[in-house]
Amino acid sequence: MRRTVADMHTTGTHHHVLIIGGGNGGVSLAARLRRAGVRDIAVVEPRGHHEYKPLFSHVAGGTARASSTVRAQGDVMPKEVTWIEDAVTAVDPHTNSVSLVDGPGLTYDQLVVCPGIRNDWDRVPGLATAMESPSAASHYELGLANKASHLLRSITRGTVVFTQPAEPASCVGAGQKPMYQACDYWRATGVLDDIRVVMVVPTDAAFLPPFDAELDRKIAEYGIELRTRSELSSVDAAAREVVVSGPGRSETIRYDVLNVEPPQSAPDWIASSGLAGADDPGGFVEVDPRTLRHPRYPNVWSLGDAAATTNSKCGGALRKQTWVAARNVAAVLRGGEPTAHYDGYAVCPFTVSRSTVVWAEFDDHGRQKPTIPFLPRMYRENRLAWIFDRHVLPWVYWNLILTGRV
Ligand SMILES: Cc1cc2nc3c(=O)[nH]c(=O)nc-3n(C[C@H](O)[C@H](O)[C@H](O)COP(=O)(O)OP(=O)(O)OC[C@H]3O[C@@H](n4cnc5c(N)ncnc54)[C@H](O)[C@@H]3O)c2cc1C
């Protein structure tokens with residue numbers, strides 16, 4: 001028998017607020033909404049564990065254990081929020097309904113789409129195969145981050161290639177972080193001079209103008225060869241060779257170790273569900289970048305890595321976005337209008353050694369945007385930012401961010 005929306009109310013498949021994805025964005029938003037008094041919130045999340053991804057770079061860089069990056073999903077899901085352990089395959093914004101891989105369809109009053117971004121291993125020929133080979137790894141997946149850590153600590157001579165893709169990408173500059181940490185380790189163990197280090201970036205310089213002088217200083221200090229305006233175009237794992245291409249040129253580099261930040265893309269079902277903008281070939285969820293509300297479907301919202309916002313995608317952006325989304329969704333549920341605005345803030349903490357960080361905070365125009373203006377030296381290499389990034393922030397994430405307190 002066909003189920004109506006009224007049936008779904010009684011069988012628990014209709015929710016006031018349905019959140020797709022129980023990652024950084026989904027769990028912290030659910031917690032903020034609960035704190036704002038919103039009832040009947042459900043989160044669809046297929047994974048049984050929750051990851052704190054910023055520490056993946058530290059795992060590869062040898063300064064964190066993999067076990068410290070994960071917790072059971074049930075332990076981080078806010079109380080009185082329903083966890084639906086399943087994956088969304090499609091959204092129909094015209095009927096306010098969502099299809100799942102296993103369970104019955106769901107309906108909603110307000111939908112928040114935050115399934116993150118996916119690593120697109122097949123975009124570069126040979127890359128997926130290389131990840132299964134002995135000499136290539138990536139800190140963009142936890143299992144591979146452990147492998148990267150082992151490879152970077154074992155090598156004592158040869159060539160190590162690190163790559164960073166063009167945006168969209170999650171914390172795009174993170175591709176560089178394990179490189180600086182590895183260089184610091186090789187210098188301490190006396191082998192840095194025997195290792196050729198190549199960093200491939202798509203941009204004109206290491207990152208963004210306010211931070212480039214500091215990163216360039218470290219790049220020179222470690223003797224890193226920076227290939228700007230370049231991208232990884234293929235990998236031959238058997239020959240241990242990569243082809244790196246830029247405008248009008250291409251270069252083959254033989255490697256002993258390869259660490260890749262993979263190209264990334266939006267989940268396919270976002271565009272096929274009609275949630276992406278017609279002029280967005282990337283297929284991310286179309287939103288007003290300030291209110292985070294969908295311009296065509298006013299009861300649909302998006303935030304985090306899956307949203308077509310104008311900022312650099314990162315957890316630091318989400319800390320502000322969840323506050324905005326929670327206020328706006330709660331206001332609309334009360335019959336009001338969204339008035340909270342996200343300001344485009346983003347952060348990328350560059351671990352430029354195993355004890356210092358360049359704390360890069362910036363807006364969606366690439367201009368510096370420090371959270372604490374009287375600490376201006378945070379964007380210079382410093383120890384305080386390391387302590388904050390490695391020790392304070394993980395605690396803040398598990399205890400304050402995921403519980404909706406900050
Ligand atoms: C290596 C690395 C280092 C980083 N370092 C930093 C840093 O130092 N600072 C910083 O601010 N940010 C950093 N980030 C970025 C930060 O981790 C992300 O921006 C953040 O996790 C995005 O949150 P999200 O909720 O959008 O996505 P995620 O946290 O990825 O969560 C998405 C969730 O959706 C679920 N999901 C996927 N598909 C479906 C589906 N079909 N149905 C239901 N659920 C689904 C997934 O299982 C996942 O749990 C880093 C990221 C990486 C990968």
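Structure notes:
- Of all accessible heavy-atom area on the chain, the percent that carbon and sulfur account for (1.4 Å): 52 percent
- The magnitude of the dipole of the chain, with charges of +1 and -1 set on the Cβ of Lys/Arg and Asp/Glu and taken from the Cα centre, is near 1200 debye.
- Environment charge of V300, counting only residues whose C-beta is closer than 13 Å and scoring Lys/Arg +1, Asp/Glu -1: -2
- Once both labels are positioned 7 Å from their Cα atoms along Cα-to-Cβ, the gap between R71 and R377 label points is 3.4 nm.
- Global size of the range 5-99: 15.7, 54 Å for Rg and Dmax (C-alpha atoms, Rg to one decimal, Dmax whole).
- Calculated over the range 178-307, the projected area of the Cα convex hull averaged across directions stands at 11.4 nm².
- Residues D212 and N399, FRET efficiency given R0 of 41 Å [Cβ-Cβ distance, rounded to 0.05]: 0.75
- P(r) of the range 208-271 over all Cα-Cα pairs, binned every 10 Å from zero, in whole percent: 16, 35, 35, 13, 1
- Close amide H contacts of E241 (hydrogens built in the peptide plane, cut-off under 5 Å, sequence separation of 5 or more or a different chain): D236, Y255.
- Helical runs assigned H by DSSP (4 residues or longer) give the chain a calculated mean residue ellipticity at 222 nm of -7500 deg cm²/dmol, each run adding -39500 (n - 2.57) before division by the residue total.
- Reported to the nearest whole Å, the Cα centre-to-centre distance from the range 335-390 to the range 96-142 is 27.
- Ordering C171, C183 by accessible surface, largest first, gives C171, C183; the 1.4 Å probe counts only protein heavy atoms, with every chain in place.
- As a ratio to 2.2 N^0.38 Å, the alpha-carbon radius of gyration computed for the range 90-227 takes the value 1.39.
- Accessible area of the range 366-406 divided out per residue, in Å², using a probe of 1.4 angstrom: 61 Å²
- Calculated from backbone phi, Karplus (6.51, -1.76, 1.60) coupling profile of the range 327-335 in Hz, x at Gly/Pro: 5, 6, 5, 4, 5, 5, 4, 8, x
- Note on the range 156-216 and the range 280-308: Cα centroid distance 32 Å, given to the nearest whole angstrom.
- Sequence-ordered 3J(HN,Hα) estimates for the range 229-235 from the Karplus curve with 6.51, -1.76 and 1.60 and θ = phi - 60° stand at 6, 9, 9, 6, 10, 6, 10 Hz, glycine and proline given as x.
- Diffusion constant of the range 67-156 at 37 °C, which comes from Stokes-Einstein with the Kirkwood Cα-pair radius and 0.692 mPa s, µm²/s: 194 µm²/s
- Its Cα centre serving as origin, the range 102-191 has a Cβ charge dipole (Lys and Arg +1, Asp and Glu -1) of approximately 580 debye.
- Share antiparallel - DSSP beta bridges, the chain, percent rounded to 5: 50 percent
- For A130, net neighbour charge (Lys/Arg +1, Asp/Glu -1) across residues whose Cβ lies under 11 Å away: -2
- In sequence order, calculated HN-Hα J values of the range 198-207 (Karplus, 6.51, -1.76, 1.60; Hz; x Gly/Pro): 10, 10, 9, 10, x, 8, 6, 9, 4, 8
- Coil-residue trypsin sites (Lys or Arg not before Pro) of the range 55-110, DSSP, other Cβ within 10 Å capped at 15: R65, K79
- The shape of the range 345-391 can be summarised by an equivalent ellipsoid whose semi-axes, obtained from the alpha carbon gyration tensor, come to 18, 11, 8 Å from longest to shortest.
- When the Cα convex hull of the range 103-159 is projected onto planes of every orientation, the mean area is 6.8 nm².
- Around the amide H of A64, modelled in the peptide plane, lie the amide H atoms of V59, all under 5 Å away and 5 or more residues distant in sequence or on another chain.
- On full extension, the segment bounded by D193 and D343 gains 49.6 nm, given 0.36 nm per residue less the C-alpha separation.
- Per-pair calculated FRET efficiency, R0 = 25 Å: R47 and E167 via Cβ, rounded to 0.05: 0.50
- Rel. contact order, % - alpha carbon contacts under 8 angstrom, at least six apart, the chain: 18 percent
- Amide H contacts for I19 (H built 1.01 Å from N in the peptide plane; partners 5 or more residues away or on another chain; cut-off under 5 Å): A42, V43, V44, V112.
- In Å, descending, principal axis extents of the Cα set of the chain: 69, 49, 39
- Residues in the range 177-258 average 42 Å² of solvent-accessible surface per residue, probe 1.4 Å, ligands and nucleic acids excluded.
- Using only side-chain charges placed at the Cβ, +1 for Lys and Arg and -1 for Asp and Glu, the dipole size of the range 300-406 relative to its Cα centre rounds to 320 debye.
- Using the 1.4 Å probe convention, the accessible area of the range 304-362 works out to 30 Å² per residue with neighbouring protein chains retained.
The values are calculated or read from the model by the stated rules, or taken from the named source; none is laboratory data. Just so we're clear, the structure is a prediction, and the values are computed from it rather than from any experiment. Virtual Cβ from ideal backbone geometry, glycine too; neighbours counted across all protein chains shown. The area values use the complete protein model at the heavy-atom level, side chains included, leaving out ligands, DNA and RNA. Shrake-Rupley method; radii C 1.70, N 1.55, O 1.52, S 1.80 Å.
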